[in-house]
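Below you'll find the structure, written out as structure tokens, and then a few comments.
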Amino acid sequence: MNKGNEAIIQQILSEIEKYQTVIIQRHRDADPDAIGSQVGLAQLLRISYPHKTIYTVGEEEPIFDWIGKMQSVEELTYSNALVIVVDTPSRERISGSHYFLGAQTIKIDHHVNMDPFADLNWTDESFSSASEMIYYLVAHSKNHLKLDKNSARCLYAGIVGDTGRFLYDDTSSYTFFVASKLLEYGFDAPTVNRFEEDMSPKVAKLMAYVLQNVTILDSGLAYIILNQQILQK
Ligand SMILES: [Mn+2]
């Protein structure tokens, strides 16, 4: 599949070639697509360019440790680094504060491009997820970028997360194509799917409260008022 964005894809690939250090960031309050596209891109860059140093930066999110972990980077490291921010529509949403210190910045995102904060902005709402965009980048890299089992697993986790396990409208035939290609790497997809279902005891309790206390009108509209006190509890 070709989405007619060859120029920006080639620019991104040539920036990646240029830099010895690449720092990858994503949005705050992470979800599986944020972490999956971030860690997946980091992992595939490490195997594609063994001599480059690749970092994942942002707040630790222990509930997504099953996808991958963050690293700490000295502020000084940024001055010679390429910074790639994935899955993040605006600069206020970036997790980790030093992105703008990067020698060069790239945004890769599937949300509306309300804030083109990077030097190079690749945004496309026709993708289900940032993870699907990372796969597209690999597929159009003329074999410069390579996937392995773990990077494929990370990207799959991101796609499953953002499509609600292929339930939402943004799930396209391309989404299924990518999922199928990723599965060829042989990771344990059912385990990923089950992890996506997990919720913390706190969230489970909130869900139970909502289901017990929601008001459903004759029109079908449902609402609930959650005040700070209930959320704290
Ligand atoms: Mn996303």
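The values are calculated or read from the model by the stated rules, or taken from the named source; none is laboratory data. Being a predicted model, the structure only gives us computed values, none of them experimental. For neighbour counting, all protein chains shown are included, and Cβ atoms are generated from backbone atoms with ideal geometry for every residue, glycine included. Please note that ligands, DNA and RNA were not included when accessible areas were found on the heavy atoms of the full protein model with its side chains. Shrake-Rupley method; radii C 1.70, N 1.55, O 1.52, S 1.80 Å.
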- What ranking of Thr88, Thr215, Thr171 comes out by heavy-atom accessible area, probe 1.4 Å, highest first? Thr215, Thr171, Thr88
- Message: Using a 7 Å offset from Cα along Cα-Cβ at Ile47, what residues in segment 161-205 end up with backbone N under 15 Å from the label point?
- Response: 181-189
- With all protein chains modelled, accessible area of Val138 [1.4 Å, Å²]: 20
- Message: Explain nothing, just the number: relative contact order of the chain, from Cα pairs under 8 Å at least 6 residues apart, as a whole percent.
- Response: 19
- Query: Excluding ligands and nucleic acids, what accessible area in Å² is computed for Asp119 using a 1.4 Å probe, to the nearest 10?
  - Reply: 100
- Trp66, Trp122, ranked by accessible area, largest first (probe 1.4 Å): Trp66, Trp122
- Message: On alpha carbon coordinates alone, what is the Rg over Rh value for the chain, Rh being the Kirkwood radius?
- Response: 1.00
- Principal-axis tilt of helix 130-139 within the chain, Cα atoms, nearest 10 degrees: 30
- Note on the structure: Quick calc: nm separation of the 7 Å Cα→Cβ label points for Glu197 and Asp148 -> 3.0
